[in-house]
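Reviewing the structure listed below.
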Amino acid sequence: MRILVVEDDDRVARGLVRALLRAGHRVVRAADVAEAYEAIAEQVPDLALVDMGLPDGHGSAVVRRLRDHPATGVLIVTAQDGETDRVVGLRAGADDYVVKPFSLAELLARIEAVSRRTRALREAPAPVVHRRGSLELDTTARTLSDTDDGWSVALTATESAVLALLLTHDGPVERGVILDRVWSAPSEARSRTLDTHMATLRGKVEGRLRIRTLRGVGYQAGP
Ligand code: CA
């Protein structure tokens, strides 16, 4: 895969680039927001690893720019105490995050999980559409639209995958099933990530689709 590493710390960036090259990826490094924009304009990466604290701006600006390219996976990198950064980054459209300091094994596992979700978009352009009433979820374009009035909203890969699960089940979908199907590696931390994604997803579909929380069970889309 072609991976864009956006990291201002030279020492950290060198280590990341070396590790990713060794894992067989092609790597481009950008040291700030401006360089990241240039790199994206030159060639859209398959996946980007974006540090949130950059010298000329917040990493979430890079995340938002990358969201113009639905087939690109976005993994943000935050500090241990960077909960705000994580929330801002995920809201900007990141698919997942890693917290510094992370192990190489953890990073590669996260990259693998995110790329599994985006690979389908890169390799199979045929749209997959799920319908509920007048709502249409296109998991290729990652948009939810209402055929009644043309309303439409852009979703991240993760939001799209979660919503597809909800729309293909008439009844509730268990949290464990969502974690398993969307993240492939359920854990306490992923469980909190699901809460964040669910909150942004609810915000985006508000007034169009109700996503109910069934305590101790899971989630259900619909009335
Ligand atoms: Ca930094």
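The values are calculated or read from the model by the stated rules, or taken from the named source; none is laboratory data. In this text the structure is predicted, and so the values were computed from the model without any measurement. Here the Cβ positions follow ideal geometry from the backbone for every residue, glycine too, while neighbour counts run over all protein chains shown. SASA here: full protein model, heavy atoms, side chains in, ligands and nucleic acids out. Shrake-Rupley method; radii C 1.70, N 1.55, O 1.52, S 1.80 Å.
Taking (1) away from the ligand (no atom under 15 Å from the Cβ); (2) in a helix (DSSP H, G or I); (3) loosely packed, with under 15 Cβ neighbours inside 10 Å in turn, LEU20 satisfies each apart from (3). The residues in region 85-101 that are touching a strand residue (DSSP E or B) at 6+ places or on another chain (Cβ under 9 Å) and open to solvent by 50 Å² or more (accessible area, probe 1.4 Å) can be counted, and the count is 2.
Here the condition is being within 14 Å of the ligand (Cβ to nearest atom), among the β-branched types (Val, Ile, Thr) and open to solvent by less than 20 Å² (accessible area, probe 1.4 Å); of VAL12, VAL77, VAL63, it holds for VAL77 alone. When VAL50, VAL44 are checked against the criterion of being outside any helix (DSSP H, G or I), within 16 Å of the ligand (Cβ to nearest atom), more than 11 Å from the chain's Cα centre (by Cα) and within 22 Å of ALA154 (Cβ to Cβ), VAL50 stands alone in meeting it. With the structure loaded, tell me whether ARG202 is touching a strand residue (DSSP E or B) at 6+ places or on another chain (Cβ under 6 Å), open to solvent by 10 Å² or more (accessible area, probe 1.4 Å) and part of a strand (DSSP E or B) or whether it fails that test. In short, no. Within region 100-122, is even one residue more than 17 Å from LEU4 (Cα to Cα), free of Cβ contacts under 8 Å to residues at least 24 places away in the same chain and in a strand (DSSP E or B)? Among the residues of region 100-122, not one is more than 17 Å from LEU4 (Cα to Cα), free of Cβ contacts under 8 Å to residues at least 24 places away in the same chain and in a strand (DSSP E or B), which makes the answer no.
Within region 28-41, restricting attention to residues that are more than 10 Å from the ligand (Cβ to nearest atom) and more than 21 Å from the chain's Cα centre (by Cα), the residue that is surrounded by the most Cβ atoms within 10 Å (Cβ to Cβ) is GLU35.
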